[in-house]
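The values are calculated or read from the model by the stated rules, or taken from the named source; none is laboratory data. Just so we're clear, the structure is a prediction, and the values are computed from it rather than from any experiment. Here the Cβ positions follow ideal geometry from the backbone for every residue, glycine too, while neighbour counts run over all protein chains shown. Note: accessible area is taken over every heavy atom of the protein model, side chains too, but ligands, DNA and RNA are not part of it. Shrake-Rupley method; radii C 1.70, N 1.55, O 1.52, S 1.80 Å.
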Amino acid sequence: MKLATLKNSTRDGRLVVVSRDLTRCSEVGHIARTLQNALDDWEHVAPRLERVAEGLETGAQPTARFHEHDATSPLPRAYAWADGSAYVNHVELVRKARNADMPESFWTDPLMYQGGSDSFLGPRDPIVAADETWGIDMEAEIAVIVDDVPMGASVEEARDAIKLVMLVNDVSLRGLIPSELAKGFGFFQSKPSSAFSPVAVSPDELGDAWKDGKLHLPLLVSLNGKAFGRADAGIDMTFDFGQLIAHAAKTRPLVAGTIIGSGTVSNKLDGGAGKPVSEGGAGYSCIAELRTIETISTGAPKTPFMKFGDIVRIEMKDKTGHSIFGAIEQTVEKYEKD
């Protein structure tokens with residue numbers, strides 16, 4: 001089952017079921033007006049949405065044309081958004097860029113922060129920033145939406161709570177991160193609104209690519225039309241989504257509609273740092289990693305962070321080459337105060 005939220009005059013949009021090939025959709029306001037409404041009563045609502053999804057594929061369901069640019073994030077706002085760093089290779093590299101050592105505990109205890117969830121960007125909305133010197137960077141990730149998760153849930157219980165899977169661009173302002181983290185109180189200004197894929201997908205729709213709480217497919221990232229990354233999301237993921245969710249629920253319950261992110265997808269190469277796509281490697285899911293590799297190799301980074309007018313695209317395709325979630329495609333724009 002694939003679900004999307006179309007933009008309308010309300011903050012939370014209107015829920016539709018989308019065909020597997022992302023070309024058609026069906027209105028489901030009679031079942032649930034919004035995705036959050038559906039998640040609040042998932043046990044009863046999901047089977048009805050699945051029947052609509054089946055009808056879409058057989059032609060038994062009234063449909064309209066689905067256009068990705070009409071979609072906002074599946075959840076335009078959420079009760080909670082917590083982002084992990086399951087790909088410890090990424091953590092190691094970006095900490096090197098700040099000349100910060102990585103504690104050994106990061107390999108056994110997940111790193112996680114709670115981000116702003118009051119306003120997400122649509123998948124085709126611009127990334128707006130006031131200053132290029134803030135170090136505008138994309139971070140291509142996988143994210144899941146969960147049902148209610150009790151405090152102290154086991155990893156198995158946490159995996160069972162995963163209802164939908166998405167892609168996310170967790171935008172970072174690298175120039176603001178060091179001084180902000182130096183205060184010892186975590187991210188805030190350096191983490192503006194994130195953007196999610198046009199479509200959220202149920203795990204069963206992913207077939208054998210979804211296994212043991214991981215999504216085993218390459219995450220495709222391009223910058224200004226050139227391939228930038230194709231790291232496999234199922235490789236080098238130190239903590240699966242069950243472990244991340246259980247970590248988040250250690251001291252508090254999670255409510256239906258909570259989003260948990262994987263952190264930037266990152267692959268090693270022969271046990272060491274990866275290589276750019278242009279050199280036959282899996283590339284990178286953020287610019288910061290490439291800059292770190294450049295610094296290690298030549299003593300200084302040469303690739304700039306994103307500038308106004310740059311375009312980033314994030315997508316994942318199935319084994320037949322078809323887009324699964326639709327594409328996040330965003331242009332960086334200068335913020336102009338009204």
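Some notes on this structure:
- Considering GLY281, GLY263, GLY242, GLY234, the condition of being touching a strand residue (DSSP E or B) at 6+ places or on another chain (Cβ under 9 Å), part of a loop (DSSP other than H, G, I, E, B) and either within 21 Å of LEU176 (Cα to Cα) or touching a residue at least 60 places away in the same chain (Cβ under 8 Å) (or both) is satisfied by GLY263 alone.
- Among the candidates ALA53, ALA100, ALA32, residue that is under 21 Å from VAL201 (Cα atoms), assigned to a loop (DSSP other than H, G, I, E, B) and not acidic (Asp, Glu): ALA32
- Condition check for VAL165: open to solvent by less than 30 Å² (accessible area, probe 1.4 Å), closer than 19 Å to GLN114 by Cα and either basic (Lys, Arg) or under 16 Å from the mean Cα position of the chain (by Cα) (or both): yes
- Residue in the range 47-69 that is without any contact (Cβ under 8 Å) to a residue 12 or more places away in the chain, exposed (fewer than 15 other Cβ atoms within 10 Å of the Cβ) and among the small types (Gly, Ala, Ser) present: yes
- Entirely in the range 125-201, the strands (runs of 3 or more DSSP E) that have 1 or more residues that are in contact with a strand residue (DSSP E or B) (Cβ under 8 Å, 6 or more places away or on another chain) and among the basic types (Lys, Arg): 162-169
- Residues that are polar (S, T, N, Q) and either within 14 Å of the chain's Cα centre (by Cα) or crowded, with 19+ Cβ neighbours inside 10 Å (or both), drawn from the range 115-130: SER117
- In the range 280-303, the residue that is most open to solvent (accessible area, probe 1.4 Å) out of those that are farther than 17 Å from LYS96 by Cβ and within 23 Å of the chain's Cα centre (by Cα) is ALA282.
- Answer residue from the range 221-246, given it is open to solvent by 60 Å² or more (accessible area, probe 1.4 Å) and modelled with pLDDT of 95 or more and is nearest to LEU35 (Cα to Cα) among those: GLN243
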